[in-house]
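Asker: Have a look at the structure that comes next, please.
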Amino acid sequence: MDQAAGDTGQRRLYSVETAAVLLGIGRTAVYDEIRQGRLRTVRRGRRRLVPLEWIDEYVELLKREAEAA
């Protein structure tokens, strides 16, 4: 797909499983963070997806917590 057709070269939404890989944590840990409201998601039908910017937001949260400890 070319640029004119909308291919930006980077996905914007990730499955929970892929988000876990990107974050370097397990799938269960990701679902725990979602339940606690620390990692936000969107729903597309029955699928739960994590926007890239919310993965980055979660990493920033972890960094702030590490600095505060």
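Coordinate-derived values only; no laboratory data. Everything numeric here is computed off the predicted structure, so don't read it as measured data. In this analysis, Cβ positions are derived from the backbone assuming ideal geometry, glycine residues included, and neighbour counts consider all displayed protein chains.
Asker: Pulled fully out, how much extra length does the chain show between ASP56 and ARG38, if you take 0.36 nm times their separation in residues and subtract their Cα-Cα distance?
Answerer: Gain on extension, ASP56 to ARG38, equals 5.3 nm.
Asker: Here is a follow-up. From the list (1) 1.02; (2) 0.93; (3) 1.05, can you say which value of Rg/Rh (Cα atoms, Kirkwood Rh) was derived from the structure given?
Answerer: Computed from the coordinates, Rg/Rh (Cα atoms, Kirkwood Rh) corresponds to (3).
Asker: Sticking with this one: Among ALA68, GLN10, THR28, whose Cα lies farthest out toward the positive end of the dipole of the chain, if unit charges sit on the beta carbon of Lys, Arg (+1) and Asp, Glu (-1)?
Answerer: My answer, from the dipole projection, is THR28.
Asker: Run lengths n ≥ 4 of DSSP H only: what is the helix-derived mean residue ellipticity at 222 nm for the chain, with -39500 (n - 2.57) per run over all residues, to the nearest 500? Numbers along the way, then the final one.
Answerer: Working: 3 runs with 34 residues, N = 69.
Estimated from H runs of four or more residues: -15000 deg cm²/dmol.
Asker: For segment 60-68, what does the Karplus curve 6.51 cos²θ - 1.76 cosθ + 1.60, with θ = phi - 60°, yield as ³J(HN,Hα) per residue in whole Hz, taken in order and with x for Gly and Pro?
Answerer: Those phi angles translate into 4, 4, 4, 5, 4, 5, 5, 5, 6 Hz.
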